[in-house]
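The values are calculated or read from the model by the stated rules, or taken from the named source; none is laboratory data. In this text the structure is predicted, and so the values were computed from the model without any measurement. FYI the Cβ positions are ideal-geometry reconstructions off the backbone, even for glycines, and counts take in every protein chain you see. Accessible surface areas use protein heavy atoms only, side chains included; no ligands, DNA or RNA. Shrake-Rupley method; radii C 1.70, N 1.55, O 1.52, S 1.80 Å.
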Amino acid sequence: MAFILRPLVTEKMTKITEKFPNRYGFVVRPDANKLQIKQEVEQLYNVTVIDVNTMLYSGKRTGRYTKAGLVKGHKSAFKKAIVTLKEGDTIDFYSNI
């Protein structure tokens, strides 16, 4: 079962990876636990995972003013996992492009 939805490639996550070269971020399913995330990362990328930290983000309401008036919407809720790998292991997200 696929618990990892996509790798997290943002400006903030890139700064974390530059500071700590063995940490990578993923957006995961909300029902995934740390052991499932660890097993899937090890299986997909052939690396050794030392630690997994997870965070739940709630969806937020948004609104903006346009010519047509106020447009309301919301951002989706998601779960983020930061995975710490064994020293020397790396993941290349851009190899498939």
Among (1) among the basic types (Lys, Arg); (2) closer than 19 Å to residue 76 by Cα; (3) touching a Ser or Thr at 6+ places or on another chain (Cβ under 9 Å), the one test that residue 6 misses: (3)
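Go over the candidates 38, 19, 34, 12 one by one and state the one that is over 14 Å from the mean Cα position of the chain (by Cα) and either open to solvent by 70 Å² or more (accessible area, probe 1.4 Å) or at pLDDT 95 or above (or both).
Working: 38 fails: over 14 Å from the mean Cα position of the chain (by Cα); 34 fails: over 14 Å from the mean Cα position of the chain (by Cα); 12 fails: over 14 Å from the mean Cα position of the chain (by Cα).
Residue meeting the stated conditions: 19.
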Segment 56-87, residues that are of a type outside the set (Lys, Arg), without any contact (Cβ under 8 Å) to a residue 24 or more places away in the chain and open to solvent by 50 Å² or more (accessible area, probe 1.4 Å): 57, 58, 62, 63, 65, 66, 68, 70, 71, 74, 76
